[in-house]
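Working notes for the structure below.
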Amino acid sequence: MITLLENVLERADGNYVSPEDLQLLDKALSSWKARKAAYNALQEKEPDIISAAVTMMKNGDRFESKPMDSLGVDRCQRDMTLGLRCCALAMLLQDEEMLKDRVLYWQQNIFRAMQLNYQGYKFLWQAVKSQLPGEQAAFFSPYMKLAHEMMAAE
């Protein structure tokens, strides 16, 4: 929404807001209550979501040969919590660009420097789907998908 508002302001620049931009704003505002409810549900379920995602990651085939130690689990929980909260804010504000700018580019650079193909968002998405009702989880889908695609890219 922040990016949307910035774009609308830039395009208007001394003129009235166009009918197309007004429709975009109406659409964003019409889903506010439902997105806010999904955001609040996610916040309430965050410990369960993070726990489920870390468990799925630890039990996945990626760590069969070398299980994660406690430091790895702590870092994984920290990274997943940050990612989940940023995806939640991006969903609430309907702002993929903010998600990219605030966390994904930064995370992407770190994981590339470490030569890791990070799969955490895949597990987060599975955990979100298991912990939230389908309608609420669906709001998160584009943001989790974007995060997973950016982090898993080679």
Out of curiosity, is residue 154 exposed (fewer than 14 other Cβ atoms within 10 Å of the Cβ) and modelled with pLDDT under 95? yes
Any idea which residue in the stretch 107-121 is modelled with the highest pLDDT, counting only those that are surrounded by fewer than 19 Cβ atoms within 10 Å (Cβ to Cβ) and farther than 11 Å from residue 150 by Cα? 110
Just one of (1) at pLDDT 85 or above; (2) more than 15 Å from residue 144 (Cα to Cα) trips up residue 99, so point out which. (2)
Filter pass, residue 80 being farther than 19 Å from residue 50 by Cα, without any contact (Cβ under 8 Å) to a residue 60 or more places away in the chain and among the aliphatic types (A, V, I, L, M): no
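The values are calculated or read from the model by the stated rules, or taken from the named source; none is laboratory data. Because the structure is predicted, anything quoted here is derived from the model rather than measured. Cβ coordinates were reconstructed from backbone atoms using ideal geometry, including for glycine residues, and neighbour counts include every protein chain displayed.
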